[in-house]
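Notes follow once the structure below has been shown.
What follows draws every value from the coordinates through simple rules; no lab data is involved. A quick note: this is a predicted structure, and the numbers were derived from the prediction, not measured. Reconstructed Cβ throughout: ideal geometry from the backbone, glycine too, with neighbour counts over all protein chains shown.
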Amino acid sequence: MRLPPAPGQAQTLLMVHSLRDKRLEQPLRERERESETQLLPGRDLIASRTPCLSIFTGAAPYPGRETVQVYGTVKTINRGNPTAQEVLVDSWPEFKVVLTRPRREVVSDDSDLYTNTYTVYYQDLGAYHAMLGSAGAVNWGQNFRILGLQDGVYEVCKDIAEAKGIKLEVVRYFTYFHPDPSSMPEIRLDPTVRLSSLDVSHADLLNEMWQLGGNEKSRKYLASLIRHFPSVCLLDAAGHPVSWIASYPFGAMGPGYTLPQHRRRGYMGMLNNLLAKQLHALGYPSYGYVAMENDPMQRLQETQGFQRQPNLWYFILHNPAPAKAPTLTPSPAPGTAPP
Ligand SMILES: CC(C)(COP(=O)(O)OP(=O)(O)OC[C@H]1O[C@@H](n2cnc3c(N)ncnc32)[C@H](O)[C@@H]1OP(=O)(O)O)[C@@H](O)C(=O)NCCC(=O)NCCS
C-alpha cells in the first residue's frame, strides 16, 4: 500500500516486521507471509509486505561495503526480528537514505545507549539530513548512538546536534571485512578446551570484561546478544569460558575477549574463524570493527584474511543535554581495546 507524498515532503517508507522470537525457526518464506506490517497514522508513512532485503536489490546492492551495518540489521529483521528493529527509507522503491532503529516499545529506558542503536546508509547526504532532522525519525530526547561507515553520517549528526544543543561524542574504529569466510582454513581444536556457544549465564563475565560494560544496561544488552545472535566460546575443564566472541543485531562480530592467562594460544584466531563462517552461512556479511590502537586484534584480523576497509566505522553517541549519560568512550589499556 502506498500513500502519495505530500507536496514538497519526503516520502517515508516504514517496513515493520514484528515477528516473535519463537518464529525464528520457521522457514523464511513462511515468516515473511506472517510478517505484520503497520501503517502508522499521523505521518507520511507507507507499510509494505516487501521482504526487507529487497531494499538492496536496487541501486545499492550488497556487498557495497558501506551498507553492511544496515544490511546486517535488515538480515536480522528477516530472520525473525528478535530485537524488534525497524527500517525507514526516504522514498520507495528508489531510496536515498535508509535508517534502522529499535522499535519504540523496546526502548523503555531513555538513557539506554546500548539498546538504542541506529544504523544508517545514505546515497544522498541531503536526504539523510532531511530524514534525521524530520520529526519522528529519531527520538532526540533519548540517549542513542548512530553507526555509519560514511563520513557524512557524522557531519550531519554534528550539524543537527549543534542546532538542538545536544552533546555529541564520536569514536572512530577501523572496519574489517572478510570477502569469503568459506575459504578460511579448517580449525584444529586445542584438546584442553571445549568449543561451545555462549550461554546467558555468561553475561556477568562478559559484562565484567567488556571495556564498554560494567553496568546493568550493558549486562542486559550482552544477555540479549547471547540469547539471540550467534556466538562461540572455549570452555576450560571446569566449563568456564576462557575466550569468546559474540555478534550484534547489525551482524558484526564482537565483543571478543580472551582471559589474560589464556592469551597467545591462538584461541581468538580460532573463534574469529568459526564465527565468521557461521555468520556467513546465515547470510550475514562477515565484518567487525577494531580500535585503531589495538594492534594485536588488527594483526589477528589480517592473518585471518579480513581486509581493512577504507571507510572508518563511526560510533556517534548522542546525549540529550543537560542529562549526564554514561560515557562509552573507550580508554583501552595498551595492546587492548573495546570490541
Ligand atoms: C585481542 C585478544 C582478543 C587476542 O586474543 P588471543 O586469544 O590472545 O588471540 P590469539 O592467541 O588467537 O592471537 C592471534 C594473533 O593475535 C596477535 N596477538 C594476540 N595477542 C597479542 C599480544 N598481546 N601482543 C601482540 N600480538 C598479539 C598475534 O598476531 C597472534 O598471532 P601469532 O601469535 O600467531 O602471531 C586478547 O588479547 C584480548 O582479549 N584483548 C582485550 C580485548 C580485545 O582487545 N578484544 C578485541 C577487540 S576488537
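Using alpha carbons only, how many angstrom separate the centre of region 93-120 from the centre of region 206-277?
Spelled out, the Cα-based centre of one part sits 24 Å from the other.
How much net charge surrounds Tyr284 when only other residues with a Cβ under 15 Å from its Cβ are counted (Lys, Arg +1; Asp, Glu -1)? Show your work: numbers first, answer last.
Values: positive: Arg65, Lys75, Arg79, Lys277; negative: Asp180.
Combined, the nearby Lys, Arg, Asp and Glu give +3.
Using a ≥ b ≥ c from the Cα gyration tensor of region 162-228 (square roots of the eigenvalues), is it rounded, prolate or oblate, where a/c under 1.5 gives rounded and otherwise the larger of a/b and b/c decides, a/b for prolate?
Details: a/c = 3.01, a/b = 1.46, b/c = 2.06.
Oblate shape, in that a/c is at least 1.5 and b/c is the bigger or equal ratio.
Can you sort His280, His178 by how many other beta carbons sit within 10 Å, fewest first? Write down the numbers at each step before the final one.
Working: His280 16, His178 24.
By the 10 Å Cβ count, ascending, the order reads His280, His178.
Which ³J(HN,Hα) values, rounded to whole Hz and listed in residue order, are derived for region 249-256 from phi using the Karplus coefficients 6.51, -1.76 and 1.60 in 6.51 cos²θ - 1.76 cosθ + 1.60 with θ = phi - 60°, glycine and proline given as x?
x, 8, x, 6, 7, x, x, x
Test of the criteria: in region 144-228, which trypsin sites (Lys or Arg not before Pro) are in a DSSP loop and have at most 16 other Cβ atoms within 10 angstrom of their Cβ?
Values: sites: Arg145, Lys158, Lys164, Lys167, Arg172, Arg188, Arg194, Lys217, Arg219, Lys220, Arg227; in loops: Arg188.
Hits after loop and neighbour filter: Arg188.
With unit charges on the beta carbon (Lys/Arg positive, Asp/Glu negative), name the residue among Val98, Thr67, Asn81 whose Cα is farthest towards the positive pole of the charge dipole of region 67-107.
Asn81
With θ set to phi - 60° and the Karplus curve 6.51 cos²θ - 1.76 cosθ + 1.60, what are the ³J(HN,Hα) couplings of region 299-315 in order, to the nearest whole Hz, using x for Gly and Pro?
Along region 299-315, the couplings run 4, 4, 4, 5, 4, 7, x, 6, 10, 6, 8, x, 7, 6, 9, 9, 10 Hz.
Starting from 0.36 nm per residue, how many nanometres of slack lie between Arg264 and Glu169 once their C-alpha separation is accounted for? Show your work: numbers first, answer last.
Working: separation 95, 0.36 × 95 = 34.20 nm, distance 3.35 nm.
Extra length from Arg264 to Glu169 when fully extended: 30.9 nm.
Can you give the extra length, in nm with one decimal, that the chain gains between Asp110 and Ser201 once fully stretched, where that is 0.36 nm per residue apart less the Cα-Cα distance? Let's see the in-between values first.
On the way: separation 91, 0.36 × 91 = 32.76 nm, distance 2.63 nm.
Here the segment from Asp110 to Ser201 would lengthen by 30.1 nm.
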